[in-house]
Amino acid sequence: MHTVKKSAVQYAKQWAESESGLVDGLASRNLETRQATLARAAGVFRVARNFRLSFDVGRGLPRLSPALTILDDFRTPALRDDSFLTAVNTVRRRFAVAYGRNDLLSAATKFLWLMHQHPVVIYDSRVRDALGAPDGDYALYLDLWNERYAHLAQEIQSATNTLADDPRVPAGAEWFRRRVLDIHLWNLGG
């Protein structure tokens, strides 16, 4: 059984070993760094297969270049609680058009999360299963996710407090605690 505490430790390791570097890379001013980081992030978050090579590399473009162009429109300003849902829906549709797909919701949330962290909530099929949410309904997914977060907030806070001594881990940040819930639900949905 996966406990919240185990999920917190798991995420601390994941943050230190991969996600912090992805966040830093996507924040770079250097285009090549952002392109390489986005390609790496697509692999780490297991969404690369959703971006067909024929729509970028096959057209002589760097891998995920059209996706990065879309994301760059959302680099600034910071997303707010009242604006991020619109941003997610815009990015998911623009990704789908650029890559000849029906929907790329999961990828949109994962990449926007790497760029902004809070308030974006990552949409993942395993988390969706753990929440009992219908496929593709991000608004309902958010409602269910937020209910679960409110229910587990004290337990998550307690679990992340045990990580406070590790300088590589921003365990006191709200976005970090929210991501611990993602990992916990991902474990439960597997």
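Can you tell me the 0 to 90 degree angle between the C-alpha axis of helix 174-189 and the longest principal axis of the chain, rounded to 10?
For 174-189 against the chain, the angle is about 90 degrees.
Quick check: the angle from helix 4-14's long axis to the longest principal axis of the chain, C-alpha only, nearest 10 degrees?
Rounded to the nearest ten degrees, it is 40.
If packing is taken as the average count of other Cβ atoms within 10 Å, what order do 6-15, 74-83, 22-31 fall into, highest mean first? Don't skip to the end; give the middle numbers.
Numbers: 6-15: 19.7, 74-83: 12.4, 22-31: 14.4.
Output ranking for 6-15, 74-83, 22-31: 6-15, 22-31, 74-83.
Leaving out ligands, DNA and RNA, and with a 1.4 Å probe, what % of the accessible surface on the chain is carbon or sulfur? Display every interim value, and only then the final one.
Values: 4690 of 9300 Å².
That share works out to 50 percent.
Suppose only helical runs count, i.e. DSSP H with n ≥ 4. What mean residue ellipticity at 222 nm does that imply for the chain under -39500 (n - 2.57) per run, divided by all residues and rounded to the nearest 500 deg cm²/dmol?
Details: 9 runs with 114 residues, N = 190.
Value at 222 nm, helices only: -19000 deg cm²/dmol.
Output ³J(HN,Hα) for region 55-67: one whole-Hz value per residue in order, computed from phi by the Karplus curve 6.51 cos²θ - 1.76 cosθ + 1.60 with θ = phi - 60°, and x for Gly and Pro.
9, 9, 4, x, 9, x, 9, x, 3, 6, 4, x, 5
Roughly how many Å² is the accessible area per residue of region 82-141, as a whole number, for a 1.4 Å probe? Walk me through the intermediate numbers first.
Working: 2230 Å² over 60 residues.
With all protein chains present, region 82-141 gives 37 Å² per residue.
So how far, in whole Å, is the C-alpha centre of region 35-65 from the one of region 125-156?
When both Cα centres are located, 28 Å separates them.
Ser18: net charge of surrounding residues, Cβ under 14 Å, Lys/Arg +1, Asp/Glu -1, itself excluded?
Value of the local net charge: +3.
Would you please give the FRET efficiency between Ala16 and Glu174, computed as 1/(1 + (r/R0)^6) with r the Cβ-Cβ distance and R0 = 22 Å, to the nearest 0.05?
Computed FRET efficiency for Ala16 and Glu174: 0.75.
Where does the chain land on Rg/Rh, using Cα atoms and the Kirkwood Rh? Write down the numbers at each step before the final one.
Values: Rg = 16.4 Å, Rh = 17.0 Å.
My calculation of the ratio gives 0.96.
Leaving ligands, DNA and RNA out of it, rank Thr90, Thr3, Thr160, Thr69 by accessible area with a 1.4 Å probe, largest first.
Values: Thr90 40, Thr3 60, Thr160 0, Thr69 85 Å².
Result of the area sort, largest leading: Thr69, Thr3, Thr90, Thr160.
The values are calculated or read from the model by the stated rules, or taken from the named source; none is laboratory data. Everything numeric in this text was worked out from a predicted model, so none of it was measured. Counting neighbours? That spans all protein chains shown, and the Cβs are built from the backbone with ideal geometry, glycine included. Heads up: the accessible areas ignore ligands, DNA and RNA and are worked out on the full protein's heavy atoms, side chains in. Shrake-Rupley method; radii C 1.70, N 1.55, O 1.52, S 1.80 Å.
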